Amino acid sequence: MTPPVTPQFATDRKRPEFPQRAVITAGMPYGNKDLHFGHVGGVFIHADAMARFLRDRLGAENVMFVSGTDCYGSAIVADFEKRNPDRQALPEGSPEFEAGLMEFVTANHQRQRETLDRYSVAPDLFAASALEPYRTIHERLGAEILETLYRHGHLEKRVTPQFYDAARGIFLNGRQVTGRCPIQGCKSDKAYADECSLGHQYQPSELIAPRSTLTGEEPEMRDVANWYLVVEKFGEALRPWYDGLLESGEWREYSVRDVLRYFEPPTIHMKRDEMDEQAELLASLPPHRREPGRGDSDRLVFDSIADLDAARDILSKARCRTRSGTTLVPFRLTGNLKWGLPAPVLEDLEELTFWVWPESLWAPISFTAARLSALGRPDDDWKRWWSSEDARVYQFIGEDNLYFYGLAEMAMFLGMQGEQFEVDAPEGQLRLPRIVANRHLLFLDKKASSSGKVKPPMAADLLEYYTSDQLRIHFLSLGLGLRNISFRPRPLDPAAQQGTSDPVLKDGNVLSNALNKSVRSCFYTSQKYFDRQLPGGEVSDEVRAFCEHAIIDFEEAMSRQEFHVAVEAGAKVIREMNRQWAQAKPFNEDCDPELRRQSVLDAFHMVRVAVTLMHPVAPDGTEKVREYLGVGEELWDWGRIFDTLADLLPDPASHRFAELPPKTDFFDKPECQYQ
């Protein structure tokens, strides 16, 4: 990696700082299906663009982009049984049942990898939590985490009721029970045993109107024991850290505010008139205070989680209608589902598996370790990436998962330090990652879900209408870090009017029309007048200054993960290049030779800058431009980002570009777009 060069014409601009090494993660898609548009457009493309930029900025050897298929959990079992009704009669945990599940997740993992390949999403490792060689490393790390948290006194054994389907004679996993979320103000369209579709956590006994998805009957409640992380212990350390994130802007503001909701004191919400009717019952509750709530509800505020739990039991037995507030409740680490990663035996709790959510939180660490192991690195080399002051972890997620990555993961990582902990972790301890949470990517103005009424289009199917570069720039241009955005591809929009524009093509045309036209014009003019060579001379100061400011605009936007701003910085260069070309008309025979020489030289410099900025956005087309230019990978090296194209050529006087055949496109369009 070449040392960074100081700009010549933008010396008044302070450039952002970056770590020496970086890990980028992209969630963990469940292994029950292929990837839909939200997986790819809402998370993976953003993570890949960041990884590609950092490889160019820091050097590929200093960047690790990992993700993988989440193979375990109730969602996998539920979908497997739904698609294989003949297997439902098999006992869960039997060799035949588990073999079928393994085939199921393996096939879906392969489909997910193929879809990412088609979108040029290129993680250094796309693993799978249940498949070797990843599973062994994943299980070993999970055992280390659970045993370390236990040794430091951060775990609590809790006996809780779990749903049991008496008709089938089995405990139900989380996705085999549906009902309504008990959290005050929740607008989720579906709730499961202890988690709703918006990520709210609650006790199974609080679920409203539960039903077994297997039989449709109301399930019983039977007690089970599991290990929980006492998240409340870390609140005092985390709260000022989150407040600091609001000031620094390191995380997106709404992400921090969403996490801060969970710092509400232990609270129960209840209709005001019902509270008045149950005054005698309320007097029997543990110490609390009654406060005004929203609308027709009031709040019962308790001093501790234990008092809250006791009050909920009393109110539940009395059939009172209540909803829980968002507070720091214990976070479940283990479960009783047979299809899960085995948990180590602590005390008398045997045959437990890890609950899928905490297991997915350390999966990127185990995948980093697996990648490094494949490269022949020592077993603990992953700590240079996750536990070092000169490294940073960027975790790309959807906003529904903020509780898990933005709060539970932070508490888990702090707990690994010992009985005493600090958010600025000492060298060698897990450092708190930067969470990059995107807002909801809607489909035709509605939230799409595989389990909801509006089904999301599959990512692979979109490639029938658009190229991956067109879709990549569209998704990156939406500004998902700011607000919910609707994805409205015209071919899939039944409400689209004749003659209306396609939002995907509007963004895609920056590449397939504007940049494609500019690059072709440069090559064809060079072929006609300069024997396929770069004209001699110096790039004009005005063009260099314009490009240098655009480069720093792009770099600043990427440092903040403001991808729509970064795309616009690149688009400005493309528009200016087209404007100057249209004004000079260097391809025309009657153009002044000196004007032609300077215009083509300036245009090639803007091509050099534009394709470098767009390289993380549209890797397929920009790589094709690089090949025709006959320049090596140094074109992407941000240590040379302010160099001209001539600076990158070993011998500009003799270098010839590849001959460009007529009507060659660098940024292709599917056949259907030419009709």
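Just so it is clear, none of the values below were taken in a lab; they were calculated from the coordinates. Quick caveat, the model's predicted, so the values are computed rather than measured. Positions of Cβ are generated from backbone atoms using ideal geometry, with glycine treated the same way; all protein chains shown enter the neighbour counts.
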Margin query: Give me the one-decimal nm value for the distance between modelled label points at Asp296 and Glu103, 7 Å along each residue's Cα-to-Cβ direction.
Written below: 5.5 nm
Notebook entry, point to check: For the chain, what is the percent of antiparallel DSSP beta bridges, rounded to the nearest 5?
Noted result: 60 percent
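For Asp273 and Asp117, compute 0.36 nm times the residue count separating them, minus their Cα-Cα distance, and round to one decimal in nm.
Here the segment from Asp273 to Asp117 would lengthen by 50.4 nm.
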Next item on the list: Would you kindly state how much longer the chain becomes between Glu236 and Arg211 on full extension, computed as 0.36 nm times their sequence separation minus their alpha carbon distance, in nm to one decimal?
Entry: 5.2 nm
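What list do you get for Thr622, Thr322 if you sort them by fewest beta carbons within 10 Å?
Thr322, Thr622
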Item checked: Other-chain or far-sequence residues with amide H under 5 Å of Phe487's (modelled H) -> Leu442, Phe443, Leu444, Asp445
Margin query: Return the unpartnered cysteines for the chain, using a Cβ-Cβ cut-off of under 4.7 Å.
Written below: Cys71, Cys320, Cys522, Cys547, Cys591, Cys672
Next item on the list: Could you calculate the FRET efficiency of Thr148 with Lys506 from 1/(1 + (r/R0)^6), where r is the beta carbon distance between them and R0 is 35 Å, rounded to 0.05?
Entry: 0.10
Next item on the list: Amide H neighbours of Val436 under 5 Å, at least 5 residues apart or on other chains, H built in the peptide plane: list them.
Entry: Gln395, Phe396, Ile397
Check: Taking the simple approach of a point 7 Å from Cα along Cα-to-Cβ for both Arg222 and Glu464, what is their distance in nm?
Finding: 4.7 nm
Item checked: Arg15 versus Lys187: modelled label distance in nm, points set 7 Å from Cα along the beta carbon direction -> 4.4 nm
Note to self: Quick check on the exposure proxy: order Thr6, Thr178, Thr368, Thr467 from fewest to most C-beta atoms within 10 angstrom.
What the structure shows: Thr6, Thr178, Thr467, Thr368
Notebook entry, point to check: Applying 1/(1 + (r/R0)^6) with R0 = 41 Å to the Cβ-Cβ distance of Ala310 and Arg83, what FRET efficiency is obtained, to the nearest 0.05?
Noted result: 0.45
Notebook entry, point to check: Short version: ³J(HN,Hα) in whole Hz for each residue of the stretch 140-145, in order, from phi by Karplus 6.51 cos²θ - 1.76 cosθ + 1.60 (θ = phi - 60°), x for Gly and Pro, what are they?
Noted result: 5, 5, x, 4, 4, 5
Notebook entry, point to check: Ranked by Cβ crowding within 10 angstrom, fewest neighbours first, how are Met221, Met577, Met416, Met558 ordered?
Noted result: Met221, Met416, Met558, Met577
Checklist line | FRET efficiency, Gln533 to Val5 (Cβ-Cβ, R0 25 Å, nearest 0.05) | finding: 0.50
Margin query: Between helix 593-614 and the chain, what is the angle of the helix's C-alpha long axis to the longest principal axis, kept within 0 to 90° and rounded to the nearest 10?
Written below: 10 degrees
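Which loop GluC sites (Glu not before Pro) in the stretch 371-471, with loop taken from DSSP, have no more than 10 other Cβ atoms within 10 angstrom of their Cβ? If you can, show how the numbers build up before the last one.
Working: sites: Glu389, Glu399, Glu409, Glu419, Glu422, Glu427, Glu464; in loops: Glu389, Glu419, Glu422, Glu427, Glu464.
Here the GluC sites (Glu not before Pro) that fit, given the DSSP loop and packing criteria, are Glu419, Glu427, Glu464.
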Next item on the list: Measure out, as a whole number of angstrom, how far apart the alpha-carbon centroids of the stretch 457-505 and the stretch 351-421 sit.
Entry: 33 Å
Check: For the stretch 319-341 and the stretch 86-150, what is the separation of their Cα centres, given in Å?
Finding: 24 Å
Notebook entry, point to check: Per-residue HN-Hα couplings for the stretch 398-409, Karplus 6.51 cos²θ - 1.76 cosθ + 1.60 at θ = phi - 60°, whole Hz, x for Gly and Pro?
Noted result: x, 5, 4, 9, 4, 4, 6, 7, x, 10, 4, 5
Margin query: If amide hydrogens are placed 1.01 Å from N in the peptide plane, which non-local residues have theirs closer than 5 Å to the one on His36?
Written below: Ala459
Notebook entry, point to check: Under the rule of -39500 (n - 2.57) per DSSP H run of 4 or more residues, summed and divided by the residues of the chain, what mean residue ellipticity at 222 nm is obtained, to the nearest 500 deg cm²/dmol?
Noted result: -12000 deg cm²/dmol
Next item on the list: Rounded to whole Hz and in sequence order, give me ³J(HN,Hα) for the stretch 72-77 from the Karplus expression 6.51 cos²θ - 1.76 cosθ + 1.60, θ = phi - 60°, writing x for Gly and Pro.
Entry: 9, x, 5, 4, 5, 5
